[in-house]
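A quick write-up on the structure given underneath.
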Amino acid sequence: MSSSPPHITFLSPNGGERWEVEAPIGISLMEIAIANNMDMEGACEGNMACATCHVIVDPDWSGKLTPAEEEEEDMLDLVFGLRRTSRLGCQIIMAAELDGLTVRLPGDSRNLPSD
Ligand code: FES
């Protein structure tokens, strides 16, 4: 078992930039993003009422996350640029087994290239 803290990687909306950051266990992805000055608002502070914490999870990782509950799915229906692996960052809680998780920030453009 490694003693170094887990890390996750955020990708810019076009995938051109990547930032690997420390991800303390028990903290939500939304909080980690904000703590590291990522472009994420988290307006409702994790109450599943805003969807401004939308992230697109790397397909290799999406199956390893706890599946989204209906309330989260309902919020995701409201986001721009919804993808098959879209999640709310505030609902992904960091755990040791998520070390290496990679997610893409969606950006706020309506003209994102489709996957
Ligand atoms: S911070 Fe508002 S839904 Fe996640």
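Throughout, read-outs are computed from the coordinates displayed, never taken from laboratory work. Not measured: the values here are computed from a predicted model. Positions of Cβ are backbone-derived with ideal geometry, glycine not excepted, and every protein chain shown enters the neighbour counts.
Looking at P24, P13, which one is over 17 Å from F80 (Cα atoms) and assigned to a loop (DSSP other than H, G, I, E, B)? So that I can check it myself, show each step before the final result.
On the way: P13 fails: over 17 Å from F80 (Cα atoms).
Step by step, each of P24, P13 is checked, and only P24 is over 17 Å from F80 (Cα atoms) and assigned to a loop (DSSP other than H, G, I, E, B).
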Item to check | The listed residue being in a loop (DSSP other than H, G, I, E, B) and either surrounded by fewer than 15 Cβ atoms within 10 Å (Cβ to Cβ) or in contact (Cβ under 8 Å) with a residue 24 or more places away in the chain (or both), out of E45, E97, E73 | outcome: E45
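Within region 48-70, track down each residue that is part of a loop (DSSP other than H, G, I, E, B) and in contact (Cβ under 8 Å) with a residue 40 or more places away in the chain. Lay out the reasoning, then the answer.
Narrowing region 48-70 to residues part of a loop (DSSP other than H, G, I, E, B): 48-53, 58, 63-69.
Within region 48-70, M48, D58 qualify.
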Checklist outcome for this item: Checked against (1) more than 12 Å from the ligand (Cβ to nearest atom); (2) surrounded by 13 or more Cβ atoms within 10 Å (Cβ to Cβ); (3) closer than 13 Å to V103 by Cα; (4) small (G, A, S), G89 satisfies every condition except (1)
Next on the checklist: For region 8-25, check the following and say yes or no: at least one residue is within 11 Å of I92 (Cα to Cα), within 16 Å of the ligand (Cβ to nearest atom) and in contact (Cβ under 8 Å) with a residue 40 or more places away in the chain.
Outcome noted: no
